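In what follows, a single structure is set out as structure tokens and then discussed.
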Amino acid sequence: MPSKREAPVFKKVSRPKPQTLDTPGEVSLHKVRPSPRFSFNTGDHITDELAVIGHLYVGDVAELYQVWSTAYTCAFTCKLMLPGFKPNSFEVRAFKREAALLRKLNHPNIVRLFGQGEFEGRAFMLEEYLHGPSLLDFIDSAPGRRTDIQQAIRAMIHVCAAVDHLHSHGYVHRDIKPANIIVRGGIPILIDLGSAFKLQPGKKPVRAVGTDPYMAPEQCLKEELSEQTDVYQLGALLYEMLTGRWPFEDELMKRRSEGLEGRFPQIKKNQPPSVRQFNSSVCAELDRLILKSMAKEPDKRVSSVRELVRSLAGFLEKEEQLWPDSLHEKARMV
């Protein structure tokens with residue numbers, strides 16, 4: 001059995017702490033701060049109605065807390081911007097765009113927004129508190145980091161349903177990865193829409209936003225994006241779930257050059273190694289589907305997330321519907 005490998009530390013690869021705290025009755029309210037990077041101790045108030053009861057994650061732009069709301073009498077996740085950003089900075093504008101987008105979305109596989117505001121000049125969002133590990137933790141706990149094929153397909157159909165809903169509003173996610181999916185009660189929930197991008201004909205992104213191992217070639221090159229950009233990332237996600245590896249892991253681990261091709265091997269190679277090279281239990285048809293999803297040219301990939309769902313459903317061993325009725329109807333109409 002392959003040994004569990006340690007993922008290299010890339011700046012863009014986040015590993016948030018699983019959200020496993022419950023209620024203030026189970027959490028010490030003594031002044032505790034697990035890292036000096038966090039702004040607040042447990043027991044501190046972000047507003048009069050929000051008390052910090054747990055520390056979840058701190059990144060380059062925001063810090064996440066579990067907070068108790070006296071107004072709603074329940075726990076939320078509070079995503080609070082770090083201090084020091086100018087009001088009109090790229091980061092602040094992206095933060096506010098994320099909140100505006102979440103207000104439009106209402107889907108069982110996407111985290112829900114319950115409010116937003118400012119505290120001492122720092123914007124914050126109040127999101128539903130998701131009790132469960134990330135998909136990254138789920139993968140790490142599997143033998144050889146290889147997820148059971150049927151479990152992986154079920155999880156992917158849920159994630160695809162969330163991404164399809166986002167596409168129906170004219171956006172691509174751009175940062176689909178295991179760390180941005182929380183598994184609550186066995187159901188994957190897509191989080192962190194801060195990188196979402198509004199699709200417009202001829203519009204190209206200013207920055208290469210995303211997480212290196214999962215980015216589509218056109219993302220890396222800041223070219224025009226499409227729904228197929230997320231199809232590529234979904235393929236990369238399923239690739240990792242079934243192999244325990246990133247699609248171009250060998251090249252990413254070497255990092256011999258600092259240029260674009262050194263950072264993004266996916267822009268010079270047509271496809272990653274076969275899935276079956278690392279997991280012989282995967283059938284040839286599923287292997288071909290994953291590699292097609294990750295084709296270098298967008299127009300050679302699976303045509304849409306709905307088409308990917310329909311194809312994945314054919315690999316389920318049982319007749320069962322694992323996606324919302326809306327996606328089921330759309331898939332039948334294709």
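The values are calculated or read from the model by the stated rules, or taken from the named source; none is laboratory data. This structure is a prediction, so every number in the text was calculated from the model and none was measured. A quick note on method: Cβ atoms are made from the backbone with ideal geometry, for glycine too, and the neighbour counts reach across all protein chains shown.
Exactly one of these conditions fails for Leu113: (1) more than 22 Å from Tyr232 (Cβ to Cβ); (2) in the same structural domain as Ser280 (by TED's automatic domain parsing); (3) in contact with a helix residue (DSSP H, G or I) (Cβ under 9 Å, 6 or more places away or on another chain). Give me its number.
Against the list (1) more than 22 Å from Tyr232 (Cβ to Cβ); (2) in the same structural domain as Ser280 (by TED's automatic domain parsing); (3) in contact with a helix residue (DSSP H, G or I) (Cβ under 9 Å, 6 or more places away or on another chain), Leu113 comes up short only on (2).
Which residues, counting only those in segment 193-226, are on the phi > 0 side of the Ramachandran plot and free of Cβ contacts under 8 Å to residues at least 24 places away in the same chain?
Across segment 193-226, the qualifying residues are Gly202, Lys222.
Which one is surrounded by the fewest Cβ atoms within 10 Å (Cβ to Cβ) among residues in segment 290-305 that are of a type outside the set (Val, Ile, Thr) and in a loop (DSSP other than H, G, I, E, B)?
The qualifying residue surrounded by the fewest Cβ atoms within 10 Å (Cβ to Cβ) is Glu297.
If you go through segment 257-301, how many residues are at pLDDT below 95 and among the aliphatic types (A, V, I, L, M)?
Going through segment 257-301 one residue at a time, the tally reaches 2.
Would you confirm whether or not segment 110-131 contains a residue that is touching a Cys at 6+ places or on another chain (Cβ under 7 Å), surrounded by 19 or more Cβ atoms within 10 Å (Cβ to Cβ), of a type outside the set (Asp, Glu) and in a strand (DSSP E or B)?
Yes: segment 110-131 contains one or more residues that are touching a Cys at 6+ places or on another chain (Cβ under 7 Å), surrounded by 19 or more Cβ atoms within 10 Å (Cβ to Cβ), of a type outside the set (Asp, Glu) and in a strand (DSSP E or B).
Does segment 241-256 contain any residue that is over 22 Å from Arg301 (Cα atoms), modelled with pLDDT of 95 or more and either under 13 Å from the mean Cα position of the chain (by Cα) or not basic (Lys, Arg) (or both)?
Yes, segment 241-256 contains a residue that is over 22 Å from Arg301 (Cα atoms), modelled with pLDDT of 95 or more and either under 13 Å from the mean Cα position of the chain (by Cα) or not basic (Lys, Arg) (or both).
Among the residues of segment 168-185, are any modelled with pLDDT of 95 or more and over 22 Å from Arg112 (Cβ atoms)?
No, segment 168-185 contains no residue that is modelled with pLDDT of 95 or more and over 22 Å from Arg112 (Cβ atoms).
Across segment 262-289, what is the number of residues that are within 16 Å of Trp246 (Cβ to Cβ) and part of a helix (DSSP H, G or I)?
Adding up the residues that qualify gives 7.
Look at Lys96 and say whether it is basic (Lys, Arg) and either in contact with a Gly (Cβ under 7 Å, 6 or more places away or on another chain) or not in a helix (DSSP H, G or I) (or both).
Spelling it out, it is not the case that Lys96 is basic (Lys, Arg) and either in contact with a Gly (Cβ under 7 Å, 6 or more places away or on another chain) or not in a helix (DSSP H, G or I) (or both).
How many residues are of a type outside the set (Gly, Ala, Ser), free of Cβ contacts under 8 Å to residues at least 24 places away in the same chain and closer than 22 Å to Arg37 by Cβ if we restrict to segment 68-89?
1
Hey, among Leu64, Leu105, Leu126, which residue is in contact with a Ser or Thr (Cβ under 7 Å, 6 or more places away or on another chain) and within 25 Å of Tyr171 (Cβ to Cβ)?
That would be Leu64, the only listed residue that is in contact with a Ser or Thr (Cβ under 7 Å, 6 or more places away or on another chain) and within 25 Å of Tyr171 (Cβ to Cβ).
Would you pick out the residues in segment 58-85 that are part of a loop (DSSP other than H, G, I, E, B) and among the β-branched types (Val, Ile, Thr)?
Val61, Thr70, Thr73
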